[in-house]
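Here's a structure for you.
The values are calculated or read from the model by the stated rules, or taken from the named source; none is laboratory data. Keep in mind the model is a prediction, meaning the values are calculated, not measured. Virtual Cβ from ideal backbone geometry, glycine too; neighbours counted across all protein chains shown.
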Amino acid sequence: MAQAKKFYSTTTAETQAQLHTAKQGLSKTEAHKRLTEGDANSLVAKRRKTIIERFIDQFKDFMIAVLLVAAIVAAFSGEMADAVIILLVVVLNAVFGVFQEVQAEAAIDALKEMSAPMAHVRRDGELITIKSEDVVPGDIVLLEAGDVVPADLRLIAAQTLRVEEAALTGESVPVEKQTAALQVKPDEKISLGDQTNMAFMNSNITNGRGTGIVVATGMQTEVGRIAGMLNQADETKTPLQENLNSLGKTLTWLILFLSVLIFALGLLNQRETILNMLLTAISLAVAAIPEGLPAIVTITLALGTKRMAKRNAIVRKLPAVETLGSTDIIASDKTGTLTQNKMTVERLFTNNRLEVASESKVTFDNMTVQIMTLANDTKIDKAGKLLGDPTETALVQFGLTHKLDVSALLDRLPRVNEVPFDSERKLMTTIHELADGRYLVATKGAPDQLLQRTTSYEIDGTEATMDDTERELILSTNTQLARQALRVLGMAYKIVDEIPAQVNTDTVEQDLIFSGLIGMIDPERPEVEEAVREAKEAGIRPMMITGDHRDTAEAIAKRLGIISDHDEKAIISGNELDDMSDEEFAKRVDDYAVYARVAPEHKVRIVNAWQKRGKVVAMTGDGINDAPALKAADIGIGMGITGTEVSKNASDMVLADDNFSTIVVAVEEGRKVFANIQKAIQYLLSANLGEVLTLFMMTLLGWQILAPVQILWINLVTDTFPAIALGIEPMERDIMKRQPRGRQSNFLSGGLSHSIIYQGLLEGIITLTVYWIGITYPVHANGALAHADALTMAFATLGLIQLFHAFNVKSIYGSIFHRGILANHAFNWAVLASTILMAATILVPGFNQLFHVTPLDWHQWLTVLGASFSIVIIVEIVKFVQRRLGMNK
């Protein structure tokens, strides 16, 4: 509804009149009519592409386009087998890509289904529960602690109602709500956080009860407005996509250059016809293009996403896996990701003794424990779940954790009256009837306010007069706990004979007996400290971003090891950030590791500042306003449990457990995936370089060259199975001790390009040497047979040398004999299968004519095997020298 934003300035009667509703709610007939004529109360996500559209999108990649061109050229040149094989590989790649996208969305949908809220509405004066998507404008919605607000509401009743709106406003403290119309000027704009008589879709009721009139649903809500903007956002390319595109372009130009060069040389030497040289050039192109690479990359990424899903990281798009592996910065929310999102009583000060709460032995005879349970609006549902404000549920949970019968206490001491909490006096008081007819007044709240109203204190069951010494002890303990970033509450009580005629702070909250203090905090997840240490060891900088106070952020950051005890300057507040220009912040961003009291919009500045420094940034977020930062980050990480649908849809990855340590696990998996893709690239490109060099030199020297079918068979047999198996190589032991690769790195970084070149040259030289041996020392006197044998020996060597070389690429610099040479069983079977297929072309009768080869005797086989295995010895020697020179650092 167009005027939904202005309902905060209308009275209850005016709101009802505009929406044609009443306190008893809409009639069921009218509600059905409005639902039929209007839109469902749900967010319209960006239109999902059909399976066909997704399939077509897979062919827009540059590398895929290169392969399609190669297939077309091969087909027009009569090499239909080549064309068919290339097309099969391309289609297989597309199928894997579509499958993974569909699987990821299915996982996200499952999370959505789990979190779908219900709504309690009044229709025809009857309270009913319906799906939130069936709520319509004009519905009367009843709210209580634990509910999710189903639509934008104008509140018409509120009893100690507090709403957590962090997802929309970034404010972590629940907002107190009221019902009076706001007095505003006609052109004045009121921020969402100040619209205290409104409740917004997807926010959470933490305390109290309320009633509201639905003023906007679905895409007309504040949440829907942001979702609509996000649906227009463009997708950004990941480092993996950029790397593959860059590699594809480089290979294309290289292939074109070499093909034209060999074609020109052949014609200048007048050794071949134009047609033969054209076929030779095409054969060279087929040899140079690693047609299996896209499929291998896709399969490796898909396997990585499956492993990550088992460890609670759901990847929405395949390339995001590899991007995680290049992460320099992990900027994480505090609440729920670094911490447990569960306030916990950590310290207990009672009887003038400060104790660790988990170690204290308490009963309800201790008045502090009794008061924190009674002066509390927490509800316990039938399943035993605690509903209410996180602070208050933590107080009740303390009793449950210590095996106290909370329900029995509440039944024994029923609440008969109360003075609700308000933010001005910072106290809450409840009155409970005792068995002897008297009444217990139980008060909790801010210690400084409480002490102003106490005249005595309790110690070991005895009441003593409050004096300056005791007051100083209480205040110093409060300060001590606050410096540890604990939220401190004081407890006090008194027993009265009767309830005053007027129950208010002046008549009830006076002459109290101080009982004790409790210190509470949202504690860190126990596994996160080790994850932070591992991230730092991997050269990744973990950062905390929170809307909480500076002291709380500092304490948690130190406990987790994000900053040290002397790193106070590494903390910056949102206000301090606002005082900096983007240019100044970009220069100083390296100084900060903790951001306190920041709003979600600050996250975009943090992302941009680090990206200007060339860093790859992973950013977490669960709120609606986090979505722009999640889009801007290289890896946007949404929360599967607490995250809004908008933030999940804006993310590249969703954490099913909302846990920081899962991000580190995902980074580890990403590094493993990148390393294995590098191995596949090293293997494929060095093998293809060997093939190119062999063909080029054969043409240049006027030797008989390998036929296209032979090159294709070598590519198919040796490239496919071993390269895919390299994609599931076990993780190298030091992978999380290496520094991040950096934004400018690519698949050929880290010394890989040099390895590819010298190893490819080795393969070509060894193959050409075997061909020369076959010609120079023929087994047959017949020249034609001698050339056929030599060509067969070169064919066998070029295939087998690649299979032996596959063992070399298990590590760029490490010795294969130190890595468990046979640890990857899939790889072992792949090499064995490829060896059998290569040998079959020569040993199995009937294949000779198909592949233009001849049978070899044992001398020739010995030459082929010895030459092929020699690459292992040579590469091991080179690696040893490189390690001694420190090139592996």
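Could you check region 360-414 and list, in sequence order, the residues that are aromatic (Phe, Trp, Tyr) and in a helix (DSSP H, G or I)?
Answer for region 360-414, where residues must be aromatic (Phe, Trp, Tyr) and in a helix (DSSP H, G or I): just 398.
Quick one: which of 45, 70, 40, 74 is part of a loop (DSSP other than H, G, I, E, B) and modelled with pLDDT under 65?
45 is the lone residue from the list that is part of a loop (DSSP other than H, G, I, E, B) and modelled with pLDDT under 65.
Also: Restricting attention to region 778-794, which residues are at pLDDT 80 or above and closer than 12 Å to residue 860 by Cα?
778, 789, 790, 791, 792, 793, 794
Could you please let me know if residue 52 is among the β-branched types (Val, Ile, Thr), modelled with pLDDT of 80 or more and assigned to a helix (DSSP H, G or I)?
Yes.
Now for a separate question. Looking at region 858-873, is at least one residue within 17 Å of residue 714 (Cβ to Cβ), under 39 Å from the mean Cα position of the chain (by Cα) and either aromatic (Phe, Trp, Tyr) or surrounded by 11 or more Cβ atoms within 10 Å (Cβ to Cβ) (or both)?
Within region 858-873 (the criterion being within 17 Å of residue 714 (Cβ to Cβ), under 39 Å from the mean Cα position of the chain (by Cα) and either aromatic (Phe, Trp, Tyr) or surrounded by 11 or more Cβ atoms within 10 Å (Cβ to Cβ) (or both)), the answer is no, since none of the residues qualifies.
I'd like to check something: does region 546-556 contain any residue that is under 25 Å from the mean Cα position of the chain (by Cα) and either closer than 29 Å to residue 734 by Cβ or surrounded by fewer than 16 Cβ atoms within 10 Å (Cβ to Cβ) (or both)?
So far as region 546-556 goes, no, none of its residues is under 25 Å from the mean Cα position of the chain (by Cα) and either closer than 29 Å to residue 734 by Cβ or surrounded by fewer than 16 Cβ atoms within 10 Å (Cβ to Cβ) (or both).
So which of 693, 701, 689, 630 is without any contact (Cβ under 8 Å) to a residue 24 or more places away in the chain and closer than 30 Å to residue 763 by Cα?
Criteria check complete, one pass: 701.
Looking only at region 481-527, how many residues end up being without any contact (Cβ under 8 Å) to a residue 24 or more places away in the chain and under 29 Å from residue 337 (Cβ atoms)?
Total meeting the criteria: 1.
Turning to a different aspect of this structure: Can you tell me which of (1) within 26 Å of residue 336 (Cβ to Cβ); (2) surrounded by 24 or more Cβ atoms within 10 Å (Cβ to Cβ) is the one residue 714 doesn't meet?
Among (1) within 26 Å of residue 336 (Cβ to Cβ); (2) surrounded by 24 or more Cβ atoms within 10 Å (Cβ to Cβ), the lone unmet condition for residue 714 is (1).
A further question on this structure: For region 173-191: of the residues being farther than 21 Å from residue 16 by Cα and buried (at least 19 other Cβ atoms within 10 Å of the Cβ), which is modelled with the highest pLDDT?
Among them, the one singled out is 175.
Which pairs turn up if I take residues in region 595-608 that are touching a residue at least 12 places away in the same chain (Cβ under 8 Å) and buried (at least 18 other Cβ atoms within 10 Å of the Cβ) and look for partners that are basic (Lys, Arg) and not in a loop (DSSP other than H, G, I, E, B) with beta carbon separation below 8 Å, at least 6 apart in sequence or on another chain?
From residues that are touching a residue at least 12 places away in the same chain (Cβ under 8 Å) and buried (at least 18 other Cβ atoms within 10 Å of the Cβ), the pairs are 596/550; 597/550.
Can you confirm whether residue 458 is more than 50 Å from the chain's Cα centre (by Cα) and of a type in the set (Asp, Glu)?
Yes, satisfied.
May I pose another question? Residue by residue through region 381-410, note down the ones that are touching a residue at least 24 places away in the same chain (Cβ under 8 Å), farther than 22 Å from residue 445 by Cα and among the hydrophobic types (A, V, I, L, M, F, W, C).
404
Something else: Taking region 517-536 on its own, how many of its residues are surrounded by fewer than 22 Cβ atoms within 10 Å (Cβ to Cβ), touching a Lys or Arg at 6+ places or on another chain (Cβ under 9 Å) and acidic (Asp, Glu)?
So the count comes out to 2.
Can you pull out every residue in region 173-211 that is without any contact (Cβ under 8 Å) to a residue 40 or more places away in the chain and touching a Ser or Thr at 6+ places or on another chain (Cβ under 7 Å)?
Residues satisfying the conditions are 175, 177, 178, 192, 193.
Okay, moving on. Does region 529-576 hold any residues that are polar (S, T, N, Q) and closer than 19 Å to residue 591 by Cβ, and which are they?
546, 564, 573, 575
Here is a further query. Which one of the conditions (1) modelled with pLDDT under 90; (2) crowded, with 17+ Cβ neighbours inside 10 Å does residue 571 fail to meet, given that it meets all the rest?
For residue 571, the exception is condition (1).
Here is a further query. For region 625-670, which positions are surrounded by 23 or more Cβ atoms within 10 Å (Cβ to Cβ), aliphatic (A, V, I, L, M) and either within 18 Å of residue 329 (Cβ to Cβ) or assigned by TED's automatic domain parsing to the domain that holds residue 168 (or both)?
629, 630, 633, 635, 637, 653, 655, 663, 664, 666, 667 - these are the residues of region 625-670 that are surrounded by 23 or more Cβ atoms within 10 Å (Cβ to Cβ), aliphatic (A, V, I, L, M) and either within 18 Å of residue 329 (Cβ to Cβ) or assigned by TED's automatic domain parsing to the domain that holds residue 168 (or both).
Only one of 333, 328, 365, 405 is surrounded by fewer than 24 Cβ atoms within 10 Å (Cβ to Cβ) and within 36 Å of the chain's Cα centre (by Cα); which?
328 is the lone residue from the list that is surrounded by fewer than 24 Cβ atoms within 10 Å (Cβ to Cβ) and within 36 Å of the chain's Cα centre (by Cα).
Give the residue, chosen from 765, 801, 773, 821, that is surrounded by fewer than 17 Cβ atoms within 10 Å (Cβ to Cβ), at pLDDT 90 or above and among the β-branched types (Val, Ile, Thr).
Exactly one residue qualifies, and that residue is 765.
So if I check each of 673, 709, 717, which one is within 22 Å of the chain's Cα centre (by Cα), in the same structural domain as residue 811 (by TED's automatic domain parsing) and of a type in the set (Val, Ile, Thr)?
673
Out of the residues in region 493-516 that are polar (S, T, N, Q) and surrounded by 12 or more Cβ atoms within 10 Å (Cβ to Cβ), which is nearest to residue 349 (Cα to Cα)?
515
Oh, and also: Taking helices (runs of 4 or more DSSP H) that fall entirely within region 775-889, which contain at least 1 residues that are touching a His at 6+ places or on another chain (Cβ under 8 Å)?
It comes to 783-808, 858-884.
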